[in-house]
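Report on the following structure.
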Amino acid sequence: KSNSKTFSAMDEFHFLAVGSLLPVKGFDRLIRSAKIVKEKGYRFRLSIMGKGPEKDKLIKLVNHNNLTTTVNFMDFKNNPYPIMKNADVIVMSSISEALPTVLCEAMILGKATLVTNCSGCREIVESGKYGIMSKADDEDFASKMIAYLSDTKTINYFENQSKERAKIFNDEIILNQYYEILNQ
């Protein structure tokens, strides 16, 4: 589904967040972090894809912080994968996660990732081995965004790490693990 021609890449560096617009997803932190990065002179786009009850509040936060040319909202898509594939970095600013499906999908697509240090995300990125992990605060999240903006080698490294980590989602490996458990 990621090879669909429904989305073309952006000209600027593109951070993408995907999820329900709920307080637990920490999109307010992400927007405040984007403001910090922009004020330091970096050029980039941040897209937030999803729908939910926080949308109006988040739009007001974007407007209040003069980020309308930097942050945009995309409605929920049945097939978000072409957009994810063309983003430079997938970001998750969540306060907590159970199993972060978007993070798993990003890794399957071989995307560099930035997540907050919260349950779910911490385990998938193995505390920073497979993706950059930020403290749960605006300044640190902004500094990690800048790390990606400042060095393409960082992106390349974590794209390769994502591909490596995605092997844990391989159907054959998972089936063999089930067989091992069932045959005990």
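Normalising by residue count, the chain has a Cα convex hull of 122 Å³ per residue. Among the protein heavy atoms of the stretch 70-162, carbon and sulfur supply 50% of the accessible surface, probe 1.4 Å, non-protein parts ignored.
Axis angle, to the nearest 10 degrees, between helix 152-165 and the longest C-alpha principal axis of the chain: 30 degrees. With 23 Å as the limit, the listed pairs Lys77/Lys111; Lys38/Lys77; Lys38/Lys163; Lys35/Lys163; Lys85/Lys135 have Lys38/Lys77; Lys38/Lys163; Lys35/Lys163; Lys85/Lys135 beyond it between alpha carbons. Our coupling estimate for the stretch 80-87, obtained by passing each phi through the Karplus curve with A = 6.51, B = -1.76, C = 1.60 and θ = phi - 60°, is x, 5, x, 5, 4, 4, 8, 6 Hz, Gly and Pro reported as x.
If I fit a long axis through the Cα atoms of helix 171-182 and take the longest principal axis of the Cα atoms of the chain, what angle between them do I get, 0 to 90°, rounded to 10? With both axes taken from Cα atoms, the answer is about 50 degrees.
Binning the C-alpha pair distances of the stretch 94-169 at 10 Å intervals from 0 yields a P(r) profile of 22, 55, 23, 0 %, listed from the shortest bin outward. Hydrodynamic analysis of the stretch 27-130 uses the Kirkwood radius over alpha carbon pairs. Inserted into Stokes-Einstein at 37 °C and 0.692 mPa s, it gives a translational diffusion coefficient of 226 µm²/s. Once the dipole of the chain is set up with Lys and Arg at +1 and Asp and Glu at -1 on Cβ about the Cα centre, which of Asn183, Ala98, Ser134 lies farthest towards its positive end? Ranked along the dipole, the leading option is Ser134.
For Ser134, nonlocal amide neighbours, meaning residues 5 or more places apart or on other chains whose placed amide H falls under 5 Å from its own, are Val115, Thr116, Asn117. When DSSP beta bridges are limited to those with both residues in the stretch 1-100, what percentage is antiparallel, rounded to the nearest 5? So the antiparallel bridges amount to about 0 percent of the total. Backbone geometry of the stretch 96-105 corresponds, through the Karplus equation with coefficients 6.51, -1.76 and 1.60 at θ = phi - 60°, to 3J(HN,Hα) couplings of 7, 9, 8, 10, x, 4, 4, 5, 4, 5 Hz, x marking Gly and Pro.
Estimated purely from DSSP H runs of n ≥ 4, each contributing -39500 (n - 2.57), the mean residue ellipticity at 222 nm for the chain is -13000 deg cm²/dmol once divided by its residues. So how tilted is helix 138-150 from the main axis of the chain? Cα-based, degrees 0 to 90, rounded to 10. Result, in degrees: 80.
The values are calculated or read from the model by the stated rules, or taken from the named source; none is laboratory data. Bear in mind the structure is a predicted one, so any value in this text is a computation, not a measurement. Methodologically, a virtual Cβ is constructed for each residue, glycine included, from the backbone with ideal geometry; neighbour enumeration extends over all protein chains shown. Ligands, DNA and RNA are excluded from the accessible area calculation, which covers all protein heavy atoms including side chains. Shrake-Rupley method; radii C 1.70, N 1.55, O 1.52, S 1.80 Å.
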